[in-house]
Every structure is written in C-alpha cells, then in structure tokens.
Amino acid sequence: HREQALKVVVEALGDESVELVRMAEHIVPSFRIEAAADAIEPLINNLLFEDRGVQYHAKVALAHLGGTAVPALLEAAKDPNADLRRRIASVLGDMREQFAAYMDTLDDSAPPTQELKARMDGIRGALPRILRCLIALADDKDATVCERALHALGFGSLSRIPEEVFDEYTAALE
C-alpha cells in the first residue's frame with residue numbers, strides 16, 4: 001500500500017495544491033528509504049515552487065530522506081539557478097544539523113529507532129560529500145548562495161570567519 005500511495009503523491013507533486021505537498025511531507029518520510037527515492041526529483045523541483053509552503057515542505061521531506069537524497073542534491077547544487085543552489089545548501093545544512101543532534105543523543109538511555117539509525121547512517125556516509133559541496137557553495141559567485149552555505153556549515157557569515165580558519169576547515173576535509 002505504501003508504494004502505491006507514494007506513486008500517487010509523486011504524481012501529485014506536480015499539482016499546485018499546497019495540501020498535496022504538505023501531505024507528502026508526512027507520507028514520504030514514512031516509506032521505506034528505497035521507495036522514497038522516487039520522490040526525490042519532484043521534491044527538488046518543488047524547492048523552486050512559487051509557494052513558500054511548498055518549498056518548505058519539500059525541503060523538510062528531502063532532509064528527512066537523508067543519505068538517499070544526497071546524490072541528487074549534490075547534482076542539483078551544480079544547477080545554474082542560484083535560488084536552487086541556495087535552497088540545496090539549506091537542505092544539506094539541515095541534514096548536517098540532524099546528524100549533529102543525533103550524535104548528541106547517542107548517550108541517552110533510549111536507543112534510536114531502526115528508521116532513525118538507518119537515516120543517520122546514510123547521512124554519516126555522505127557527510128564528507130555534503131561538507132565539500134557546502135564549502136564549494138560557500139565560494140559561489142552569488143552572495144546569497146555563499147551566505148546560506150556558510151550558515152549550513154555552522155558559520156554565520158563569511159565576514160566573521162578568518163580566512164585561515166576557513167582554509168584549515170577546507171583542508172581538513174580533503
């Protein structure tokens with residue numbers, strides 16, 4: 001039933017109905033990770049949707065998909081559209097923050113759910129590529145893309161980062 005429902009949601013994502021995309025935010029993350037892969041491209045396309053609610057819910061769903069969405073997100077980060085690159089940086093930053101929060105909770109007495117562990121393992125495996133992409137976006141020709149990438153990396157603004165610190169951070173990832 002889930003795969004059939006996902007197909008309906010993926011087809012509906014092209015519709016301008018905000019309710020359908022909000023529904024996808026709640027439905028897509030509950031699918032097995034392999035089945036949810038079909039929703040990635042439509043969700044990336046919805047990052048450019050005119051309605052900010054649609055953009056937000058697409059962003060949340062992509063971040064929730066974790067490592068499964070990373071290859072398509074990294075490819076989309078090369079798009080000539082600066083708005084898309086900025087929103088991709090935001091999604092990748094959300095993944096980085098989710099992983100950091102997850103790592104902080106590992107000492108808690110309650111073990112993570114199997115779904116959460118699988119999602120975080122996917123992000124962990126993709127983290128070096130996520131960080132390299134964000135570093136590249138921090139050097140983007142568009143200032144808004146740079147600012148979003150720096151924020152996603154955990155830096156507030158390029159003007160607050162000494163160049164040698166940023167260079168050391170970049171070198172450490174290589």
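The values are calculated or read from the model by the stated rules, or taken from the named source; none is laboratory data. Model, not experiment: these values are computed from the prediction. Here the Cβ positions follow ideal geometry from the backbone for every residue, glycine too, while neighbour counts run over all protein chains shown. Surface accessibility is based on the protein's heavy atoms, side chains included, excluding ligands, DNA and RNA. Shrake-Rupley method; radii C 1.70, N 1.55, O 1.52, S 1.80 Å.
Filtering 97, 147 for residues that are touching a helix residue (DSSP H, G or I) at 6+ places or on another chain (Cβ under 9 Å), surrounded by fewer than 21 Cβ atoms within 10 Å (Cβ to Cβ) and within 24 Å of residue 40 (Cα to Cα) leaves a single hit, 97. Comparison of 124, 132, 85, 148 shows that the only residue that is over 11 Å from the mean Cα position of the chain (by Cα), modelled with pLDDT of 95 or more and either assigned to a helix (DSSP H, G or I) or of a type in the set (Asp, Glu) (or both) is 85.
From the list 100, 77, 118, 126, the one residue that fits, being touching a Pro at 6+ places or on another chain (Cβ under 9 Å) and small (Gly, Ala, Ser), is 126.
If you check every pair at least six apart or on different chains, which have Cβ atoms under 7 Å apart with a residue in the stretch 89-103 that is free of Cβ contacts under 8 Å to residues at least 24 places away in the same chain and more than 18 Å from residue 58 (Cβ to Cβ) first and a residue that is open to solvent by less than 40 Å² (accessible area, probe 1.4 Å) and assigned to a helix (DSSP H, G or I) second? Final answer for the pair search is 102/120. For the stretch 100-109, state whether one or more residues are open to solvent by less than 10 Å² (accessible area, probe 1.4 Å) and in a helix (DSSP H, G or I). For the stretch 100-109, residues open to solvent by less than 10 Å² (accessible area, probe 1.4 Å) and in a helix (DSSP H, G or I): absent. Taken over the stretch 152-164, the criterion of being under 20 Å from residue 59 (Cα atoms) and either at pLDDT 90 or above or outside any helix (DSSP H, G or I) (or both) is satisfied by 152, 154. I want to confirm something. Restricting to the stretch 44-73 and keeping residues that are in contact with an Asp or Glu (Cβ under 7 Å, 6 or more places away or on another chain), assigned to a helix (DSSP H, G or I) and among the aliphatic types (A, V, I, L, M), which single residue is surrounded by the fewest Cβ atoms within 10 Å (Cβ to Cβ)? Restricting to residues being in contact with an Asp or Glu (Cβ under 7 Å, 6 or more places away or on another chain), assigned to a helix (DSSP H, G or I) and among the aliphatic types (A, V, I, L, M), the top hit is 72.
Among the residues of the stretch 110-121, the one identified as aliphatic (A, V, I, L, M) and not in a helix (DSSP H, G or I) is 110. Filtered by the rule that a residue be at pLDDT 85 or above and either acidic (Asp, Glu) or within 21 Å of residue 99 (Cα to Cα) (or both), the stretch 44-57 gives 44, 50, 56. Close contacts from the stretch 121-132, counting a first residue that is more than 20 Å from residue 151 (Cα to Cα) and a second that is surrounded by fewer than 18 Cβ atoms within 10 Å (Cβ to Cβ), with Cβ to Cβ under 9 Å and a gap of 6+ residues or different chains, come to 122/33. Selection of the stretch 128-145 for residues being of a type outside the set (A, V, I, L, M) and within 20 Å of residue 66 (Cβ to Cβ) yields 128, 129, 132, 133.
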